[in-house]
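The values are calculated or read from the model by the stated rules, or taken from the named source; none is laboratory data. Note that the coordinates shown come from a computational prediction; the quantities given were computed from them, not determined experimentally. All Cβ positions, even for glycine, are placed from backbone atoms using ideal geometry, and neighbour counts span all protein chains on display.
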Amino acid sequence: MFQRGRSALIGALLLLSLRGEVALGNKSEDSPGDSGAIERLLTLHGTKLAQGVLVQRLSDGNVLYQKDATQLLAPASVTKVVTSAAVLSKLSPVFTFKTPIYYTGQRKNDKVLGDLVVVGSGDPFIVSEKLWQLAADIKNLGIREFSGDLVIDNSLFDSENRDDSRQGGIQQSSNAYDAPVSAFAVNFNTFAVAIAPGGRAGQSAMVNLDPYPLRGVVLENSALTTKAGAHRSLQVTRRVSGKDERLQVGGTIGVGASMQKVYRSVGNEVQASGEYLRAFLKNAGVIVAGGVRAGVKPKEATLLLELEGYEMRKIVTGLNTFSNNFIADALVKRLGAAYPSKGSADAPGSGSFANGVQVLRDFLGKDVGITSSFVLENGSGLATENRLSARQVVDVLAYMAKHMEVFPEFLASLPATGWDGTLKKRFGKGDAVELKGLIRAKTGTLTEPIAVSAIAGYFRHPKHGMVAFCILENGKDGSSQPAVADLRDQQDQVLTAFMNLL
């Protein structure tokens, strides 16, 4: 249990609560009359902010604190609470993606006289380690060359590779989270540019694609090495030039500085994923003689092997801990393929945003039992179209806590305060430091067209036991927007007060 009254913050909060400066209706019967102190913290930004707050004890559903808990607000990436909950519930924590690899034509000894065909399964977590193993497995099958092309079959998903909230990011190479979504994707459809200093000031910086050079991806390096200790200032811009993608690297890095990796979205997801695979095969001593192209697996193709992905619990951890928008969008489309509105499961083209978002809506209504209205247009929360209430978010959290078959993995997927992911740099001031590692929560942030800061998750209260909470805060249209950093600090203080005072 935390020590009470140790600091100026807690002492001030207790004093405010004893004075009862702010009254709040619908508080818990066993709350010690301190909700006024929390209300005081929540009103630091005056009338410029719309808020929805709910704190609920999970053992009996008793509400410990609420403020406008049914008001619909933009949740930003707290939307991923819904997406991850639905995926774990519908597909299971141990669901494993399997990406089949085929070849066409005939095999003669160590040579295949035909194409290598990859059929995308919607796996959003095919990273370099997985491709390394795939290339090694193909080599271990005794194959050294494919005479034809490397064919990428993305037909499980429809052709819409960004939801409406991300269409504006198609040309924004500065944002890795604007990567297109495809049924076969490598390294989240991003390029990694490794930048290190040269041996002495004045030399060009060392710039490479990580882990291997890719055919059709051109590096243009104008970055310079400066004196040791100098401020690092690096820029990487992607642009498409004909069939090539050009990554222009500029800026400065000091002698002796650590290597920095900069991630940029790919412009052509078919070409990029195919060239990634070709590079790993080449490193393993396997040659693909032809080019990379999109296509559909021929009926007569022969199965070579399957690339087994990570279990869903690992994927969801990547989704929530780092708030990965690509994973969110890919999982939504995969849900759409598994539960299409029309046709059979996993039918070609059934992996659509429309189908997937409908699965999320049905999950909220039919599984969680939410009967009040809400707006859900995407699974990432990258734009403000989504509208959820604190009550509805807590309903999802409470639903997951009741289902042992998914709750441990769901809870573990959420970053911990002051430890990792989007909460690593939070809870570092004053009494909030005492909460490091004690709260598991998903955050949400947007800066335009309005400021949005949100946080939702769980903590174990010294008196009430396991508690679910949600704080949604939106700047108001037509007024000056509060700084997101200020809202985060305020939320850290409020959660500290919840832990100490409720």
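Could you check Lys111 against (1) surrounded by fewer than 21 Cβ atoms within 10 Å (Cβ to Cβ); (2) charged (D, E, K, R); (3) touching an Asp or Glu at 6+ places or on another chain (Cβ under 8 Å); (4) at pLDDT below 95 and say which number it fails?
Failing condition for Lys111: (4).
Looking for something assigned to a strand (DSSP E or B) and either within 30 Å of Thr190 (Cβ to Cβ) or touching a residue at least 24 places away in the same chain (Cβ under 8 Å) (or both) - is there at least one such residue anywhere in the stretch 73-80?
Yes: one or more hits.
Being surrounded by 23 or more Cβ atoms within 10 Å (Cβ to Cβ) and either farther than 20 Å from Leu44 by Cβ or in contact with a helix residue (DSSP H, G or I) (Cβ under 7 Å, 6 or more places away or on another chain) (or both), is that true of even one residue in the stretch 461-468?
Within the stretch 461-468 (the criterion being surrounded by 23 or more Cβ atoms within 10 Å (Cβ to Cβ) and either farther than 20 Å from Leu44 by Cβ or in contact with a helix residue (DSSP H, G or I) (Cβ under 7 Å, 6 or more places away or on another chain) (or both)), the answer is yes, since at least one residue qualifies.
Go through Ala37, Ala86 for me and flag whichever is farther than 27 Å from Leu364 by Cβ, surrounded by 17 or more Cβ atoms within 10 Å (Cβ to Cβ) and either within 31 Å of the chain's Cα centre (by Cα) or modelled with pLDDT of 70 or more (or both).
Ala37
Please go through the stretch 306-323 and give me each residue that is within 28 Å of Gly142 (Cβ to Cβ) and in contact with a helix residue (DSSP H, G or I) (Cβ under 6 Å, 6 or more places away or on another chain), ordered by number.
Leu307
Residue under question is Lys139, and the condition is that it be out of contact with any Ser or Thr (no Cβ under 8 Å at 6 or more places or on another chain), surrounded by fewer than 17 Cβ atoms within 10 Å (Cβ to Cβ) and free of Cβ contacts under 8 Å to residues at least 12 places away in the same chain; does it hold?
Considered against the rule, which asks whether it is out of contact with any Ser or Thr (no Cβ under 8 Å at 6 or more places or on another chain), surrounded by fewer than 17 Cβ atoms within 10 Å (Cβ to Cβ) and free of Cβ contacts under 8 Å to residues at least 12 places away in the same chain, Lys139 comes out as no.
For the condition under 15 Å from Glu473 (Cβ atoms) and among the charged types (D, E, K, R), what is the one hit in Asp60, Asp68?
Details: Asp60 fails: under 15 Å from Glu473 (Cβ atoms).
Of the residues listed, the single one that is under 15 Å from Glu473 (Cβ atoms) and among the charged types (D, E, K, R) is Asp68.
Determine, yes or no, whether Val240 is of a type in the set (Val, Ile, Thr), under 24 Å from Tyr276 (Cα atoms) and touching a helix residue (DSSP H, G or I) at 6+ places or on another chain (Cβ under 8 Å). Walk me through how you get there before you give the answer.
On the way: of a type in the set (Val, Ile, Thr): yes; under 24 Å from Tyr276 (Cα atoms): yes; touching a helix residue (DSSP H, G or I) at 6+ places or on another chain (Cβ under 8 Å): no.
Answer is no for this residue.
What's the total number of residues in the stretch 336-368 that are more than 18 Å from Ser159 (Cβ to Cβ) and touching a helix residue (DSSP H, G or I) at 6+ places or on another chain (Cβ under 7 Å)?
Summing the residues that are more than 18 Å from Ser159 (Cβ to Cβ) and touching a helix residue (DSSP H, G or I) at 6+ places or on another chain (Cβ under 7 Å) in the stretch 336-368 gives 9.
Quick one: Asn161 ticks every box in (1) in a helix (DSSP H, G or I); (2) touching an Asp or Glu at 6+ places or on another chain (Cβ under 7 Å); (3) at pLDDT below 95 except a single one, so which number is it?
(1)
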